Amino acid sequence: MFLPEFLPSVPGQPSMKLERERALDHARDLVAAAWQEFDTARDIEPPVSADLLATLTIDLPEDGIDVVDALDEAAEALDQSLAQARPRYLAYIGSSGLEIGALADLLAHSYDPNLALHAGAATLIETQTLRWTAEFIGYPLAGGSFTSGGTVSNVTALSAARERAVPGSRRSGTPASAVAYCSADAHYSIVRAIELLGIGADNLRAVPIDGHRRMRPEALDGLIRADLAAGRIPIAVVATAGTTLTGAIDPLDAIADICTEHGIWMHVDGAYGLPAASVVPERFVGLERADSVTVDAHKWLFVPKACGIVMVRDESALAAAFGHETSYIPGTRNAVDVTLEYSRPLRALKLWLAFRVHGAAHFREAIQGNIDLARSLHTMAAARGWEVGPSPDLSIVLIRKPGIDNAELVQRLQADGRVYISHATVDGETWLRPCFTNVRTTASDVRVLMDVADEVSGTR
């Protein structure tokens with residue numbers, strides 16, 4: 001049985017150091033092999049083998065097995081999983097699984113500090129990384145925290161917005177007259193947040209969008225004025241900086257004007273797109289005026305999950321929404337007073353190390369490279385006779401093959417296994433939706449995507 005061998009040696013018994021080193025050495029070999037494999041695309045995604053399926057259906061084991069064998073089983077299972085780190089995974093917005101980030105997780109989980117309370121240098125790392133990220137995207141940070149992802153970040157920000165609009169609502173509840181606003185293409189996590197905060201999905205106004213699928217400011221203003229006239233209480237406007245569907249960026253500056261005029265909290269959900277503000281800042285004008293923003297470092301900052309971030313211009317707003325006192329937590333300000341989560345790992349370390357090792361310039365270069373690949377695909381698909389959506393704002397591309405069932409085509413491409421993409425339903429029509437957020441994806445992968453798509457669609 002291996003587990004006790006990780007415990008401190010008992011006086012008078014042999015040291016377990018050699019077994020510990022054996023496990024670490026083997027884990028190192030497995031990780032190194034995986035990293036090396038990610039350098040090039042593999043020909044096809046393998047199905048789950050019969051032997052592995054048998055292993056993954058056994059009952060709870062009473063006795064353990066050798067750690068090397070167990071690690072091999074884990075590696076085999078991961079190798080037969082859809083890994084977003086692979087260069088031809090172009091489906092849902094994911095991470096590159098940046099290698100230094102994986103090492104950061106190993107260190108962070110080994111020391112296992114709890115960021116709920118002040119944890120010495122670990123807390124300083126989180127604070128510094130928040131500042132670095134804000135500087136990278138051009139946001140005037142006052143406070144914030146790392147979270148599990150965009151959903152929790154959005155809930156956190158909108159909790160602060162609710163308390164600002166209706167002081168005392170965290171205790172007395174959300175009034176039935178509360179309303180909120182977002183683009184018709186906003187991420188479903190906004191609906192979830194509104195539901196959890198007691199505002200109710202029926203009171204979330206889906207603001208109409210323009211031909212580029214961006215929120216229409218004049219429509220937003222009209223909805224707000226109508227609600228105010230009816231005695232409703234606007235809680236927040238959620239603008240999206242890079243929609244999940246098409247990568248569209250709502251007109252942030254115009255939305256900020258409206259929020260300022262009516263005294264409404266402005267939140268920017270930039271979980272996917274905000275890192276691009278570092279290379280195309282002109283598309284994000286007005287970001288600096290937002291009361292809060294969400295960005296996921298495990299999307300377009302390339303580090304492994306989970307690494308979400310919420311930032312605010314006024315930290316007191318978070319304290320108003322989350323501050324509390326208990327008999328077992330020191331009375332001084334702690335992270336639990338500005339966050340939703342209590343037990344929080346040191347998620348910031350993976351991004352801190354990534355910035356330290358690679359530098360901000362390399363991040364900007366990688367993001368620009370992804371944008372260039374998206375534009376290249378858009379041009380290539382049009383030249384090959386495919387129908388294309390709007391020129392991409394960021395790194396999501398919409399393409400479809402005229403005259404065939406594109407939903408079926410996506411299924412066939414996924415079954416083929418040489419590339420992996422997802423679909424998008426836009427105005428009732430199915431489109432192929434390649435998304436570029438991987439540092440490993442190259443121009444050759446774009447050509448392979450189009451070659452395979454032409455082949456599978458029967459046009460090559």
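Quick notes on this structure:
- Looking across the range 278-334 at every residue that is in contact with a His (Cβ under 9 Å, 6 or more places away or on another chain) and at pLDDT below 90, the one that is nearest to ILE367 (Cα to Cα) is identified as ASN334.
- When the residues of the range 391-409 are filtered to those that are within 24 Å of VAL439 (Cα to Cα) and surrounded by 15 or more Cβ atoms within 10 Å (Cβ to Cβ), the one that is modelled with the lowest pLDDT is ASP393.
- Members of the range 218-244 that are surrounded by fewer than 19 Cβ atoms within 10 Å (Cβ to Cβ) and assigned to a loop (DSSP other than H, G, I, E, B): ALA230, GLY231, ARG232
- Candidates are the residues of the range 126-163 that are touching a Leu at 6+ places or on another chain (Cβ under 7 Å) and in a strand (DSSP E or B); the one that is nearest to HIS187 (Cα to Cα) is GLY144.
Yes or no, residue by residue, for (1) in contact with a Lys or Arg (Cβ under 6 Å, 6 or more places away or on another chain); (2) under 23 Å from ALA276 (Cβ atoms); (3) among the hydroxyl-bearing types (Ser, Thr, Tyr):
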| site | (1), (2), (3) |
| --- | --- |
| LEU107 | no, no, no |
| LEU117 | no, no, no |
| GLN128 | no, yes, no |
| THR133 | no, yes, yes |
| PHE136 | no, yes, no |
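- Filtering the range 374-394 to residues that are assigned to a helix (DSSP H, G or I) and not basic (Lys, Arg) leaves ALA374, SER376, LEU377, HIS378, THR379, MET380, ALA381, ALA382, ALA383.
- Restricting attention to the range 336-351 and to residues that are surrounded by fewer than 22 Cβ atoms within 10 Å (Cβ to Cβ) and not hydroxyl-bearing (Ser, Thr, Tyr), the residue that is modelled with the lowest pLDDT turns out to be VAL336.
- Residues satisfying the stated conditions in the range 164-194, i.e. surrounded by 17 or more Cβ atoms within 10 Å (Cβ to Cβ), among the polar types (S, T, N, Q) and outside any helix (DSSP H, G or I): THR174, SER183
- Residue in the range 130-152 that is farther than 24 Å from GLY247 by Cβ, charged (D, E, K, R) and crowded, with 18+ Cβ neighbours inside 10 Å present: no
- Residue that is of a type in the set (A, V, I, L, M), under 16 Å from GLY138 (Cα atoms) and outside any helix (DSSP H, G or I), where the choices are ALA306, ALA271: ALA271
- Matching residues, the range 417-435, being in contact with an Asp or Glu (Cβ under 9 Å, 6 or more places away or on another chain) and under 16 Å from PRO87 (Cα atoms): GLY417, ARG418, VAL419, TYR420
The values are calculated or read from the model by the stated rules, or taken from the named source; none is laboratory data. Not measured: the values here are computed from a predicted model. Ideal geometry is used to build each Cβ from the backbone, glycine not excepted, and the neighbour counts take in all protein chains shown.
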